[in-house]
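Novice: Here it is, the structure, as structure tokens.
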Amino acid sequence: MARHKSNAPPKLTQQPRKPQQSSGAERSALYARREAAKVLHTVLRGDAERRAVASIKSLVFSPSVRNKRGTFALVCETLKYLDVIKDETPSIGDAEKFLMRRKDALLSGLATLLVRKKVKSVEELLDLSQLNGHIKQRYVRVNTLKMDVDSAVKELEKLYKVQKDETVPDLLVMPPGSDLHAHPLVTNGRIFLQGKGSSMVAAALQPEAGWEVIDACSAPGNKTVHLASLMKGQGKIIACELNEERVKRLEQTVKLSGATSILLLPSFSVRAILLDPSCSGSGTVTDRLDHLLPSHSADNTNYDSIRLHKLAVFQKKTLAHALSFPQVERVVYSTCSIHQIENEDVVSSVLPLASSLGFKLATPFPQWQRRGLPVFAGSEHLLRMDPVEDKEGFFIALFTKTNNLDKPKASELPEGECRGRRKRFYPFLWPKVFFRAWNGRLHGSRR
């Protein structure tokens with residue numbers, strides 16, 4: 001039987017639609033939104049719990065963040081308009097979609113905010129922030145393990161005006177707003193974006209090539225690798241850090257610098273110690289962008305007083321211990337704080353012990369004009385940076401041993417002091433493989 005051909009038109013099979021590929025700009029924006037959300041979650045939660053976390057800049061410019069510029073802008077703008085966003089957004093749900101649906105309401109809220117602040121534009125509103133009048137120059141430290149200063153100047157001058165700093169030999173000064181975060185010299189570790197106050201700390205210690213030096217509380221590692229540069233890659237630097245997350249950042253910094261003389265272990269034949277312990281960070285509030293956090297506008301007088309006292313207790317103990325290393329000849333104590341309780345008071349409290357061990361206060365950078373507050377004899381040797389005049393607050397004290405022969409024997413010290421030295425334990429002293437101390441708890445055992 002013959003088959004009849006159908007006159008019906010052939011059915012068209014619908015081809016599956018290929019997923020639309022997002023452009024590079026869209027992917028970059030997506031990364032920025034996701035990464036900004038993570039940063040905001042961390043800093044806002046830490047701020048609400050009054051718990052110390054990394055600064056906004058540290059989180060944004062960590063190696064894991066892909067779109068650093070976009071993330072930084074989103075985080076800052078979100079924090080600036082946090083009050084408006086809180087009033088308009090729900091506590092749960094897809095915040096990004098919600099914000100797009102409520103765009104008109106947010107703009108209306110912004111208009112209300114402009115009226116309340118008695119300004120006419122967003123630019124004028126931003127001028128009211130604490131950044132107003134606090135424009136800083138960009139400082140760049142040359143990693144002389146990989147590049148000489150003149151070569152760095154020649155390369156950077158292709159983009160910006162560059163000057164050599166008058167105080168720190170390997171530090172360069174560039175105009176405010178100079179953006180170098182993605183520059184090849186930064187990404188390959190030939191230069192480091194490091195402030196002047198931070199760069200002065202290692203330079204004040206003046207470590208010599210071949211020495212053994214401890215950097216206590218060393219993460220994120222900028223001062224550690226600066227020590228390696230000053231020592232021309234010779235000798236040994238023992239970098240100590242207890243916090244495991246910060247250890248990862250320290251390792252990344254050391255690897256980027258190319259320094260091979262840095263060990264994450266302590267030793268007891270050191271000649272110099274750089275001690276930059278935890279502090280209030282009050283001298284770098286603007287750099288850290290802490291003024292954008294909700295707690296900054298709240299009344300935290302009592303909380304700040306308690307926190308400063310606890311910090312000062314820790315700072316005094318660590319400085320006293322650093323001075324007690326038998327072969328140490330130089331100790332630098334530094335903070336990025338403006339408070340007397342963390343600076344002059346800490347130094348004054350250890351002076352009797354320092355004197356008994358043969359130490360005296362020396363004068364780092366004699367040409368520097370701003371010195372310590374006149375609260376005890378010898379404070380003129382201390383160095384201060386002013387948040388207004390120098391655009392950041394910093395403090396440096398340099399102890400140098402006058403004569404090793406003058407150091408008293410244990411039998412000549414008061415019995416209480418001898419017992420105290422034998423019993424002291426501080427986190428930066430021991431290898432992490434043996435001890436792990438945190439929040440007053442000790443894990444592991446001493447062999």
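The values are calculated or read from the model by the stated rules, or taken from the named source; none is laboratory data. The model shown is predicted, which means the values in this text are computed figures rather than measured ones. All Cβ positions, even for glycine, are placed from backbone atoms using ideal geometry, and neighbour counts span all protein chains on display. Side chains included, ligands, DNA and RNA excluded: accessible areas come from the protein's heavy atoms. Shrake-Rupley method; radii C 1.70, N 1.55, O 1.52, S 1.80 Å.
Novice: Set the bar at 24 Å for Cα to Cα. Now go through 310/391; 80/120; 196/317 and name every pair that lies beyond it.
Specialist: In this structure, 310/391; 196/317 exceed 24 Å between Cα atoms.
Novice: May I ask you to derive the FRET efficiency for residue 114 and residue 369 from their Cβ-Cβ distance with R0 = 41 Å, giving the value to the nearest 0.05?
Specialist: Efficiency, from the Cβ-Cβ distance: 0.45.
Novice: Give me the net charge of residue 208's neighbourhood, meaning all other residues with Cβ under 11 Å from the Cβ of residue 208; Lys, Arg count +1, Asp, Glu -1.
Specialist: +1
Novice: Also: Using alpha carbon centroids, what distance separates region 381-399 and region 220-236, in Å?
Specialist: 22
Novice: Oh, and also: Just grab the label-to-label distance for residue 107 and residue 324, each label 7 Å out from Cα along the Cβ direction, in nm (one decimal).
Specialist: About 6.6 nm separates the two model spin labels.
Novice: Just how much of residue 58 is accessible, in Å², when a 1.4 Å probe is used and the result is rounded to the nearest 10?
Specialist: Approximately 50 Å² of residue 58 is accessible to the 1.4 Å probe.
Novice: Can you tally the net charge around residue 234? Count Lys and Arg as +1, Asp and Glu as -1, for every other residue whose Cβ sits under 12 Å from the Cβ of residue 234.
Specialist: 0
Novice: Describe numerically, in nm with one decimal, the distance between label points set 7 Å from Cα along Cα→Cβ at residue 380 and at residue 360.
Specialist: With each label point 7 Å from Cα toward Cβ, the separation is 1.4 nm.
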